[in-house]
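Working notes, structure below.
The values are calculated or read from the model by the stated rules, or taken from the named source; none is laboratory data. Quantities reported herein were computed from a predicted structural model and do not represent experimental measurements. So basically every Cβ, Gly included, is an ideal-geometry build from the backbone, and we count neighbours across all protein chains shown.
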Amino acid sequence: MRVSIVGTGYVGLVTGVCLAERGHDVLCVDVDPVKVDMINSARAPIHEKGLPELLSRNCGHRLRACTDLADAVAATDLTFIAVGTPAAQGRIDLRHVERAALEIGAALKEKERYHAVIVKSTVIPGTTIGLVRTALQNASGKIAGDGFGLGMNPEFLTEGTAVADFSQPDRLVLGAIDARTHDVLRELYEQFDAGIPRIITNPSTAEMIKYASNAVLATMISFSNEIARLCTAVGGIDAIDVMRGVHEAAYFTARRADETITAGITSFLEPGCGFGGSCLPKDVTALIGQGREHGLDLGLLRSVLDINRTQADEVMRLIGRHFDSLNDLPVAVLGIAFKPDTGDVRESPAFPLIRRLKARGARITAFDPVAHPHEHEELSGVTLAGSLHEAVAGAQIVVLVTRWAEFSNLAGILQTLARQPLVVDGRRMLDPWAFDTYEGIGR
Ligand code: NAD
């Protein structure tokens, strides 16, 4: 199939290379010419495992990038909308989606052949059959379901494992307004394993499946952090052992004769320094905003965000057990990316912590193996180290924020230093007994 994708970010690009790898002809469209040039010269604009290989295999023949959306619509049978949907002032900002839909609509006006438009961006339920349909119809002068097809196919990939997630998805949610668009979506994913569950539904249900999926993960994380706070307050309880005890329940860990299968959700049932990234915070915010517009107070989800917003205070409390003043104290922050195996720093939990450390006058050095956001406003006044060793040499406090595998070498590196810092383990990935002074979330 000939596919165009508007928005060549984490989702658009990974979708593009993976569909090209399956034999589709893909045209990626972005307003950013630098990204377009990089893709056309097979250079990955983002850090994602497996992406460079897929780019170099498909670039120039099955995968191309351009800035001209009208040409891309004319040359293809299906267009995905994969632009960003940030949250602003407590609700979803659909500006990019609307602009993309208007431009696609204008291109459809000039096109005679049937064309399907599929929303892949995470959009609040009702957006595809509301704002997107209206923009497409107004700009094209055609009627959805007659002049063109309209659907919603949410994306569940996770940064860090995006290529593998897209290539072997756990489910395919195919929402469409009519049978013809459903047929197009079925055909698009025909070569994917027949065993993958396919949820055939309407666009609004597809949209809500994505939000409910993200909201449950955010809820599990904040739940674990709230339990961990109580463990710390009571004393003598280790939240990690508590959660391990929870994980062993038969509804999380199934045991058969010779195999034990632990549900992946248990990795969200662990205390830490909070969730970040470009999805969970903004998607929960958007859901709460939609509830408000419908006269519903989504109190549970408001608490999920409140707990997350104040999780950096837990790290500060652990530091406060050892230091009254942080003024001019050298502090190393390990991890700037919001999670390991990505360079994405959007809404990283490192930032609220850095803000608090700055406010207390600490001298901060930060290190991340992949993310080097030198110009980021949250990092003004922060020194970016070139290595783990450089970051921790001279530090009196080391705070681990991101679960990068490289940080498991911390104890070995500290042993080579004359002075031993306080180590605050925001992810509980280190051995407490390997350090002179150690604090861990929920311990
Ligand atoms: P991103 O910010 O990485 O990429 C968006 C891209 O769209 C940018 O390159 C931008 O230049 C481009 N763009 C914006 N307006 C455009 C227009 N009118 N025409 C052409 N290009 C335009 O965003 P992302 O992380 O890929 O997320 C995209 C959507 O997918 C969001 O709705 C997000 O919630 C959702 N999503 C993201 C992830 C993830 O892990 N990042 C996972 C699942 C779903």
Determine whether the range 193-204 contains at least one residue that is without any contact (Cβ under 8 Å) to a residue 24 or more places away in the chain and farther than 16 Å from ASP77 by Cα.
yes
Could you tell me whether the range 379-400 includes any residue that is farther than 30 Å from LEU230 by Cβ and in contact with a His (Cβ under 8 Å, 6 or more places away or on another chain)?
yes
Which residues, taken from the range 80-133, are surrounded by 19 or more Cβ atoms within 10 Å (Cβ to Cβ) and assigned to a loop (DSSP other than H, G, I, E, B)?
ALA82, VAL83, THR85, LEU94, HIS115, LYS120, SER121, THR122, VAL123, ILE124, PRO125, THR127
Can you tell me which residue within the range 267-292, out of those that are away from the ligand (no atom under 16 Å from the Cβ) and in a loop (DSSP other than H, G, I, E, B), is surrounded by the fewest Cβ atoms within 10 Å (Cβ to Cβ)?
LEU269
Name the one entry in ILE209, ILE227, ILE221 that is surrounded by fewer than 21 Cβ atoms within 10 Å (Cβ to Cβ), within 16 Å of the ligand (Cβ to nearest atom), at pLDDT 95 or above and in a helix (DSSP H, G or I).
ILE209
Would you confirm whether any residue within the range 29-48 is in contact with a His (Cβ under 8 Å, 6 or more places away or on another chain) and more than 30 Å from PRO125 (Cβ to Cβ)?
no
Looking at the range 293-335, which of the residues that are among the β-branched types (Val, Ile, Thr) and crowded, with 23+ Cβ neighbours inside 10 Å is nearest to the ligand (Cβ to nearest atom)?
VAL304
Of the residues ILE261, ILE237, only one is touching a strand residue (DSSP E or B) at 6+ places or on another chain (Cβ under 8 Å) and of a type in the set (A, V, I, L, M, F, W, C); which?
ILE261
Within the range 214-247, the residues that are over 28 Å from the mean Cα position of the chain (by Cα) and charged (D, E, K, R) are ASP238
Checking the structure you have, find out if any residue of the range 173-189 is surrounded by 13 or more Cβ atoms within 10 Å (Cβ to Cβ), in contact with a helix residue (DSSP H, G or I) (Cβ under 6 Å, 6 or more places away or on another chain) and not small (Gly, Ala, Ser).
yes
With in the same structural domain as PRO281 (by TED's automatic domain parsing) and under 30 Å from PRO52 (Cβ atoms) as the only criterion, which of LEU217, LEU188, LEU230 stands out?
LEU217
Which count do you get for residues in the range 136-181 that are within 15 Å of the ligand (Cβ to nearest atom) and either among the β-branched types (Val, Ile, Thr) or within 28 Å of ALA106 (Cβ to Cβ) (or both)?
11
What about GLY412, is it over 28 Å from LEU51 (Cα atoms), at pLDDT 95 or above, out of contact with any Pro (no Cβ under 6 Å at 6 or more places or on another chain) and surrounded by fewer than 21 Cβ atoms within 10 Å (Cβ to Cβ)?
yes
Scope the range 32-79; condition under 23 Å from LYS339 (Cβ atoms), assigned to a helix (DSSP H, G or I) and either over 25 Å from the mean Cα position of the chain (by Cα) or in contact (Cβ under 8 Å) with a residue 60 or more places away in the chain (or both); matching residues
LEU51, LEU54
I need every pair where a residue in the range 159-173 that is at positive phi has its Cβ under 6 Å from the Cβ of a residue that is more than 10 Å from the ligand (Cβ to nearest atom) and at pLDDT 95 or above, sequence separation at least 6 or different chains.
GLY160/ASP341
For ALA107, are the conditions met, namely being farther than 24 Å from GLU48 by Cβ and modelled with pLDDT of 95 or more?
yes
Scan the range 402-409 and give yes if some residue there is crowded, with 20+ Cβ neighbours inside 10 Å and under 15 Å from VAL331 (Cβ atoms), otherwise no.
no
Any chance VAL163 is buried (at least 16 other Cβ atoms within 10 Å of the Cβ), assigned by TED's automatic domain parsing to the domain that holds GLY130 and within 15 Å of the chain's Cα centre (by Cα):
yes
Could you figure out which of (1) at pLDDT below 95; (2) more than 22 Å from ASP431 (Cα to Cα); (3) in contact with a helix residue (DSSP H, G or I) (Cβ under 8 Å, 6 or more places away or on another chain) isn't true of LEU301?
(1)
Output for the range 1-39, where each listed residue is within 12 Å of the ligand (Cβ to nearest atom), small (Gly, Ala, Ser) and more than 17 Å from SER278 (Cβ to Cβ):
SER4, GLY16
Of all residues making up the range 190-224, the number that are of a type outside the set (Val, Ile, Thr) and touching a His at 6+ places or on another chain (Cβ under 7 Å):
0
Sole miss for ALA233 among (1) surrounded by 18 or more Cβ atoms within 10 Å (Cβ to Cβ); (2) at pLDDT below 95; (3) part of a helix (DSSP H, G or I) is condition (1)
